[in-house]
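Remarks on the structure that follows.
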Amino acid sequence: MSDKKTDENYMSIALDLAAMGQGRTSPNPMVGAVIVKEGNIVGKGWHRKAGTPHGEAVALMNAGTGAEGGTLYVNLEPCCHRDKLTPPCTDAILGSGIRRVVVGMPDPNPKVAGKGIETLREAGVQVDVGVLRERCERLNKVFTKFIVTRMPFVTLKVAQTLDGKIATSTGESKWITGPEARKHGHMLRNFADAIIVGIGTVLRDDPSLTTRLEDVENARDPERIILDSTLRIPLDAKVLNVQSKAKTHIVTTLVAPTAKIKELKKKGAEILMMEGDAIKLPLLMEEIGKMGLINVLIEGGSRVNAEALRSGVLDKAAFFIAPKILGGDDARGSIGGSSPESLDMAVPLFDMRFTRLGEDLMVEGYLKKPEEYQPGRQQPSDSVAGLQPVAGLQPAGGLPPRSRSNGHRRRKRHKK
C-alpha cells in the first residue's frame, strides 16, 4: 500500500471514530484520532461530548508509552489554546513522543487556525495537512458554520408527496412517508440541538417533538422551539407536557398577553421575547447561537418553511419524497408564500445526495458553500431575491433604532 493510501486508510478510521460523537459534542467539533506505530494501531479515541477529553487525548491515553515514535492521525487540527475546560492537545502530543501528525483539515476556530500545526512543527514534529480534507470538512460543517459566524447550522426537513404536497386541504399529513423515512427523520432529531416549528404545526398536529428511536442507545430529544407571536399555544399541548430532559422554548413578541406568559412559565416553558409584532428569523438564530445550540432542524409548515428559505437562514435542505401524487390547488405545498416572478430567482442547491429509504427518496442539498462561512461574517439579513415575506414572520431588517445601541435590549428572556 502506498504512503498516500496508508494515510487515507488511517484518516478514514479517524473520521469514522469522530462520527461516533455526532449530535453529542456541541458546541465542539467531532474529532477522532488514531495512533499508528510500525504498521499497527496502538491507540484510538474520539471526543464524546463537550467538557470531556478530546479525541487526540483519548487516543494517547489508550496508547500509553506505545505512542512514542508513532504517527497520529486526526481529522481536525489539534487545539493549542488554554481558555477551555480541557488542556491543549498539542501539549499532550509533544509530551507523548509522537514523531508525525497527519491532520485532515485546519481548525477554523480563530483561536487555533494554524497555530496548533505551527506549535507542533516548531517542536520538531512532522505535520502533514489535507488528507481526506473534503470528508473532514463535510463532517464538521456544523461546527465550522458556528465557530466563524456564531450562528447555528440550520437544516430544513420536509416530508412531501411527489407533487410537493405536505398535507391535504383538511390538514391531514399522517403519514405521507413510510416508516423508514420517518425513522431517519428521528435520527436527524437525535443529532440536532434544537427543533423549530411554527404555532400552526402545534395547533394542527399537536406533536411532542421528541426523538423516538427504540433501537438507538442514548437517543436524545432536541430542545423544542415554538414560533408563536401571539401565544396561541394551548396549555395542554404535548410540547408543554411531554416528559423530556430537553426544554421547550416559546418565541413570541411584545403583543403576547402577559397573563399567558405567566401560565406558560408555570408549565416550565422558557419564553424568548422579541421586539415588535413579528418574529425575525435571523435575529432568532443569533439568540439560538448564544444559547450554544449550533445544529438546528426546522420542521415547519409551508409558511415557516417559506420564511426560513426567504430569510437566508438555511444551510441545508432534506426532502423526504413519497411516491404519491395528491394533487389539488387547495392541498398544502411544502413551501408557501408568493412565487418569484422568474425561474432565475429560484434558490439553487448544490452537493446533492439521494438516498432510498424504503419506498421513499431522501434528497439532500446545501444552500451555502463552505467559503461563505468566513470569520466575522454573519448570516445575511437581506431576503433571498424573488421570495416575498410571509405574514406573521419577519426575517429582514434589524431591530428598532433604540435597540441597536444596546445588544441587551434586543430581546427579553423570561426563564421558568
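A few comments on the model shown:
- Residue in the range 112-128 that is most open to solvent (accessible area, probe 1.4 Å), counting only those that are more than 26 Å from the chain's Cα centre (by Cα) and under 24 Å from Pro27 (Cβ atoms): Lys115
- Evaluation of Leu235 against (1) open to solvent by 40 Å² or more (accessible area, probe 1.4 Å); (2) among the hydrophobic types (A, V, I, L, M, F, W, C); (3) modelled with pLDDT under 95 (one fails), failing number: (3)
- Residue that is open to solvent by 70 Å² or more (accessible area, probe 1.4 Å), touching a residue at least 12 places away in the same chain (Cβ under 8 Å) and closer than 26 Å to Phe143 by Cβ, where the choices are Lys316, Lys247: Lys247
- Residues in the range 60-83 that are part of a loop (DSSP other than H, G, I, E, B), open to solvent by 20 Å² or more (accessible area, probe 1.4 Å) and within 21 Å of Gly39 (Cβ to Cβ): Glu68, Gly69.
- With respect to the conditions (1) farther than 21 Å from Thr149 by Cα; (2) open to solvent by less than 10 Å² (accessible area, probe 1.4 Å), Lys266 falls short on a single one, namely (2).
- Which listed residue, of Leu213, Leu203, is modelled with pLDDT under 95, part of a helix (DSSP H, G or I) and of a type outside the set (Ser, Thr, Tyr): Leu203
- The residues of the range 250-262 that are open to solvent by 70 Å² or more (accessible area, probe 1.4 Å) and either assigned to a loop (DSSP other than H, G, I, E, B) or of a type in the set (S, T, N, Q) (or both), listed by number, are Leu254, Val255, Thr258.
- Among residues of the range 10-27 being under 27 Å from Met187 (Cβ atoms) and over 23 Å from the mean Cα position of the chain (by Cα), the one that is surrounded by the fewest Cβ atoms within 10 Å (Cβ to Cβ) is Ile13.
- Test: Thr248 is touching an Asp or Glu at 6+ places or on another chain (Cβ under 8 Å), more than 23 Å from Arg332 (Cα to Cα) and at pLDDT below 95: no
- Test for Ile195: is it aliphatic (A, V, I, L, M), in contact (Cβ under 8 Å) with a residue 60 or more places away in the chain and buried (at least 16 other Cβ atoms within 10 Å of the Cβ): yes
- Hey, Arg303 closer than 30 Å to Met362 by Cβ, open to solvent by 10 Å² or more (accessible area, probe 1.4 Å) and not hydrophobic (A, V, I, L, M, F, W, C) or not: yes
- Residue in the range 28-51 that is of a type in the set (A, V, I, L, M, F, W, C), in a helix (DSSP H, G or I) and open to solvent by 10 Å² or more (accessible area, probe 1.4 Å) present: no
- Pairing each residue of the range 206-235 that is within 23 Å of Ile294 (Cβ to Cβ) with any residue that is of a type in the set (Lys, Arg) and in a loop (DSSP other than H, G, I, E, B), provided the two are 6+ apart or on different chains, yields C-beta distances under 9 Å for Thr211/Arg220; Asn218/Arg24; Ala219/Arg212; Arg220/Arg24; Arg220/Lys245; Asp221/Lys245; Glu223/Lys247; Arg224/Lys247.
- Of all residues in the range 84-111 being among the aliphatic types (A, V, I, L, M) and either closer than 16 Å to Gly43 by Cβ or touching a helix residue (DSSP H, G or I) at 6+ places or on another chain (Cβ under 8 Å) (or both), the one that is surrounded by the fewest Cβ atoms within 10 Å (Cβ to Cβ): Leu94
- Taken as a whole, the structure places Gly23 among residues that are under 30 Å from Pro222 (Cβ atoms) and modelled with pLDDT under 90.
- Among the residues of the range 311-332, those that are of a type outside the set (Phe, Trp, Tyr) and under 19 Å from the mean Cα position of the chain (by Cα) comprise Ser311, Gly312, Val313, Leu314, Asp315, Lys316, Ala317, Ala318.
The values are calculated or read from the model by the stated rules, or taken from the named source; none is laboratory data. Not measured: the values here are computed from a predicted model. Note: ideal-geometry Cβ built from the backbone for every residue, glycine included; neighbour counts use all protein chains shown. Calculation scope for accessible area: heavy atoms of the full protein, side chains included, ligands and nucleic acids excluded. Shrake-Rupley method; radii C 1.70, N 1.55, O 1.52, S 1.80 Å.
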